[in-house]
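The values are calculated or read from the model by the stated rules, or taken from the named source; none is laboratory data. Model, not experiment: these values are computed from the prediction. Methodologically, a virtual Cβ is constructed for each residue, glycine included, from the backbone with ideal geometry; neighbour enumeration extends over all protein chains shown.
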Amino acid sequence: MQTRRTFLVSTVAAGAVLAAPAIVRAKPFDNVTLTLNGFGGDFDRIMKETVADPLKAETGLDVTYAPGGSSAAVAKTIATPDNPPFDIVLCDSPSVPELIKADMIDPVTPDKVPNVANLLPGLPEFGQHGVPFMISSSVITYNTEETQTPIASYADLARPDLEGRVALFNLENTGGVLYLLAMAEANGGGIDNIDPAFAALERIKPNIVTLTSSTVSLIQLFEQREATAGALWNGRVFAMQNAGQPMAMVAPSEGIYSLMSYYNPIKGTKHPEAVATYLNKALSDEAIGAIANFFRYGPTTTVDLPKAVADTIITFGPEGRAKIKTLDWTKIAEKRSGWIERFNRTMA
Amino acid sequence: MNSSSVAARGTVRVGPSGRYAWIALTAPLAIVLLLFLVVPILSLLRASFFEGDRSFNASGVSLEHYLRFLTDSYYLNVMLDTLGYGLATALLCLVLGFPTGYALARAKPHWRRWGLIIIILPLTLSLVIVVFGWLVVLGRQGLVNQVLVFTGLIDKPIRLLFNSPAVIIVLAQQFLPFMVLSVMSVVGHIDPTLEQASANLRANRWTTFRKVIVPLSLPGILSGLTLVFVLSVSAFITPRLIGGHRVQMLGSLIYEQIIVLLNWPFGAAMSAVLFTVTLTITLIVNKWLKSHPG
Amino acid sequence: MKSQWPDRFLAVAGVLTQSLVYITMLLPPIIVVGASLTAGNSMVFPPEGLSLRWYHEAFQNTAFMNAFVMSLELGFAAMFLSLAIGFAGAYGMDRYRFFGRETLRATALSPLIVPVVVLGIGLLQLLTAIGFGQTFFGLLIGHVIITLPYVVRTLTTSLALLDRSYEEAAANLRAAPHVVLRRVTLPLLLPGFLSAGIFAFVISFGNITLSIFLGFAGAETLPVQIFTYVEHSYDPTLAAVSTMVIVLTVIIMLAIERIAGMDKVL
């Protein structure tokens, strides 16, 4: 190694005096490594391609993505407040109030992260806490080969022809919380009055194959045709369609209920400037656009996408943004435990 | 740790003065368990007595979480169900695993090798894959339903998954290797001539089985039963994925409290109750079975 | 010529049970291998057409491949450490009576009873507090803790069943105690060691919850990688990776057996 490098340096040095300063020049984050919890699979690949790799080239910053799921990442962060394992935690709306309550995250300001200005107006749910980068919505999906009559709403899932064919999230998955709130508000209730939702759920109950906390479990059920209708994340329905599955995607008539995925800069990081640089890059059109383009989850910024792509994203742009129901996640966090307990008791 | 186990070997050699060799031998185990098991368990115990539903910045001493669990028939029923699933799974594993483990121990090396591999394989698969496999086997359009419809036993597919029998079957499949290996390693120590002797005494196979084989392999059976029971009782992913909402087990509720709701004090209190009950049952049953062999 | 039917019944029931067991245990691996060979884009069984494209995908996926290697290293390290600590402890508990012996025995089994999430959080906090957070040592010690119950349990049973007359005979022939241990006791315990080792490796290799809590960037195991992968993607790459696990398990088991020379022992 040593001899080869010496050889290279001496031969290159002779002819490439001009190139030398570029190679030698120190970059601002040359020996800095940021750790994030990854979202896994293709998500991490896109993040690497659109954020980590360009940052490495421009600033020398190293970024590592530790897999393990975002709920566990939040639990790990809260478990070790004095020495958290991440510089930035990626998690969904319901976890952000927990991180704020535990005083674990720093606010994000436009002077440090200028690209925050690109966020769709009125989008962030927690003031300056957390930077949203993706909007996942709960949608109706059904197998068009097995269900002839279109399904338009969560209430339709109670239709007699769907007996034993419906699969849904339970409340452990936030997708469950979203349809619960949708059914509550459609029936005159809301966060403070959840009874109408449980009444509506009671009507769907005879049709239910299973209720699960796992997204992949639902996908397996639909792909093996164990269930033919249910509610799922819009991006995952798109992925099934993309793989050739005859699954329809319908924005439920009760309304579009969504959660957002956030970057949360952890308090006390050793590299605040590097974190700000990362966040800014992660909000760039390239990064946000690439994620939206691949997963077809909603982008959180004013990024422009080809019409063919934009048309498949139900929350795209300011008009799409206007359709999303606003939710009070802090209040939901207080209520969720009671809802889960009731759900476990009544649905079993 | 390395140096102490080397020391252990040294003391054994001394012979008579090896009276205290047990200290050197058991020290690594005791230290590792004390430091990395007992200490975390104690901090869990502490958390279960916190006031309120968060353990960060928490303080005080309260029994609220234990009371919430022990005074609610819902939680107590889930607890009983959990023990029931554990027991059913352990017994199913015994019925399936004993003959298999016994035959493996007596099998020719070539067959034993492949038998063992087949038994172990499912353990190395991710649960996502295992669930997928069971969907293919027990699903509405799965193998079993197709056979049943084809033979005319049923006229349209029935739901075989997402209920209690499915959970017991899948748990049994997951934990069967522990029963088989426990039985196998014990039967391997039994001298086959004992069975031969019994047969020569004109005992039929049933009698030989009852009077010779079972008593001799009892340690293996006990060890297997204990492992399977304990593993099933603390299962948390399988019941959720295979049982759906129809099956409630305590492990899933603990997971829910800790990971989803971040209510570590209540999760810890449930864990402490489950831990105490399981350990007590295991110790009592082991003691009883050892004193009543047969 | 006493009644023959219990014998027949026993024989038939034995064969039936074993067939059922082997079929049940073989089905998941067969289904996974089948699904991995699909030419389509979804992980379904039966597969849609045949191709090796998903193996190409899997090999190109460095995250999966690195995690695979990591799981192997961790599995073997945990197995050896657990066997060393576990055997010394089981041997000590078998040969000596001392105060606290039963307590130690029960404690060795208890990692199985503590819910893994709780153990995971507890260990993470402890390891971080003593400066071993985010280290391979921390991850390894966690895996040793969860493999110890199997190892101690299996070796304790084997030791209890060991016919001491061989050891006594060797001792009478004036073999030094360490020679007896090495040349008589350990070979006789080989089946137990084999079971314990397989348990330890497989438990470590398959563990997910503890690895999520104690793992860190650069030390992610295969189950964690799979678990995270399916959060946002679900395709036959999973089946291809799982098939590789199956193939590797078979190779490792054959190798362990070859090394342990099990044929000669039993």
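Worth pointing out:
- Scanning the range B:148-169 for residues that are closer than 17 Å to B:L91 by Cα and in contact with a Ser or Thr (Cβ under 6 Å, 6 or more places away or on another chain) yields a single hit, B:I168.
- Residues that are touching a residue at least 24 places away in the same chain (Cβ under 8 Å) and assigned to a helix (DSSP H, G or I) were ranked within the range A:51-63; the one that is surrounded by the fewest Cβ atoms within 10 Å (Cβ to Cβ) is A:E58.
- Residue count for the range B:226-252 under the criterion of being within 19 Å of B:L91 (Cβ to Cβ) and within 12 Å of chain A (Cβ to nearest Cβ): the result is 6.
- Those helices (runs of 4 or more DSSP H) lying entirely in the range C:71-177 with at least 3 residues more than 21 Å from B:T276 (Cα to Cα): C:116-129, C:136-161, C:164-172
- Scan the range C:204-231 for residues that are surrounded by fewer than 23 Cβ atoms within 10 Å (Cβ to Cβ), at the interface with another protein chain (Cβ under 8 Å from one of its Cβ atoms) and more than 16 Å from B:V128 (Cα to Cα) and the total you get is 3.
- Pairs, first within 10 Å of chain B (Cβ to nearest Cβ) in the range C:120-144, second polar (S, T, N, Q) and in a loop (DSSP other than H, G, I, E, B), C-beta under 7 Å, six or more apart: C:L124/A:T80; C:Q125/A:T80
- Per the listing A:G188, A:G235, the residue uniquely touching a helix residue (DSSP H, G or I) at 6+ places or on another chain (Cβ under 7 Å) and not in a helix (DSSP H, G or I) is A:G188.
- Of all residues making up the range B:255-278, the number that are crowded, with 24+ Cβ neighbours inside 10 Å, of a type in the set (A, V, I, L, M) and under 18 Å from the mean Cα position of the chain (by Cα): 1
- Residue match in the range A:265-279 (condition: assigned to a loop (DSSP other than H, G, I, E, B), within 20 Å of the chain's Cα centre (by Cα), more than 19 Å from A:F169 (Cβ to Cβ) and modelled with pLDDT under 95): no
- Residues satisfying the stated conditions in the range A:137-169, i.e. crowded, with 23+ Cβ neighbours inside 10 Å and in contact with a helix residue (DSSP H, G or I) (Cβ under 6 Å, 6 or more places away or on another chain): A:S137, A:S138, A:V139, A:T141, A:Y154, A:L157, A:L162, A:V166, A:A167, A:F169
- When the range A:215-231 is filtered for residues that are among the charged types (D, E, K, R), within 10 Å of chain C (Cβ to nearest Cβ) and touching a residue at least 40 places away in the same chain (Cβ under 8 Å), only A:R225 remains.
- Residue match in the range C:241-263 (condition: under 30 Å from A:L34 (Cα atoms) and either of a type in the set (V, I, T) or outside any helix (DSSP H, G or I) (or both)): yes
- Boolean, C:F68 is in contact (Cβ under 8 Å) with a residue 12 or more places away in the chain, away from chain B (no Cβ under 11 Å) and hydrophobic (A, V, I, L, M, F, W, C): yes
- Being over 24 Å from A:A348 (Cα atoms), more than 10 Å from every other protein chain (Cβ to nearest Cβ), without any contact (Cβ under 8 Å) to a residue 24 or more places away in the chain and of a type in the set (S, T, N, Q) holds for only one residue in B:T208, B:T193, and it is B:T193.
- Which listed residue, of A:A248, A:A287, is touching a Ser or Thr at 6+ places or on another chain (Cβ under 6 Å), modelled with pLDDT of 95 or more and either in the same structural domain as A:G317 (by TED's automatic domain parsing) or of a type in the set (D, E) (or both): A:A287
- Single match in B:V247, B:V214 (criterion: of a type in the set (A, V, I, L, M), more than 30 Å from B:G139 (Cβ to Cβ) and out of contact with any His (no Cβ under 8 Å at 6 or more places or on another chain)): B:V214
- Filtering the range A:159-211 to residues that are of a type in the set (G, A, S) and either within 14 Å of chain B (Cβ to nearest Cβ) or closer than 14 Å to A:E254 by Cα (or both) leaves A:G164, A:A167, A:G175, A:G176, A:A182, A:A184, A:A186, A:G188, A:G189, A:G190, A:A197, A:A200.
- Some residue of the range C:43-56 being closer than 30 Å to B:A103 by Cα and either out of contact with any Ser or Thr (no Cβ under 6 Å at 6 or more places or on another chain) or in a helix (DSSP H, G or I) (or both): no
- Top-ranked residue of the range B:58-86 - restricted to ones that are of a type in the set (S, T, N, Q) and under 20 Å from B:V233 (Cβ atoms), ranked as farthest from the chain's Cα centre (by Cα): B:S73
- Residue match in the range A:237-255 (condition: surrounded by 24 or more Cβ atoms within 10 Å (Cβ to Cβ), touching a residue at least 60 places away in the same chain (Cβ under 8 Å), touching a His at 6+ places or on another chain (Cβ under 9 Å) and within 27 Å of A:P97 (Cβ to Cβ)): no
- Just one of (1) part of a helix (DSSP H, G or I); (2) among the charged types (D, E, K, R); (3) more than 10 Å from chain C (Cβ to nearest Cβ) fails for B:R113. It is (3).
- For the range B:42-67, the set of residues classified as buried (at least 22 other Cβ atoms within 10 Å of the Cβ) and at pLDDT 90 or above consists of B:A47, B:S48, B:F50, B:H65, listed by residue number.
- Filtered residues of the range C:4-19 (kept if more than 15 Å from B:N204 (Cβ to Cβ) and facing chain B (nearest Cβ under 7 Å)): C:T17, C:Q18
- Among the residues examined, B:I259 does not qualify as at pLDDT 90 or above, within 14 Å of chain A (Cβ to nearest Cβ) and within 15 Å of B:D81 (Cβ to Cβ).
- Residue tally, condition closer than 20 Å to A:L232 by Cα and surrounded by 15 or more Cβ atoms within 10 Å (Cβ to Cβ), over the range A:310-322: 8
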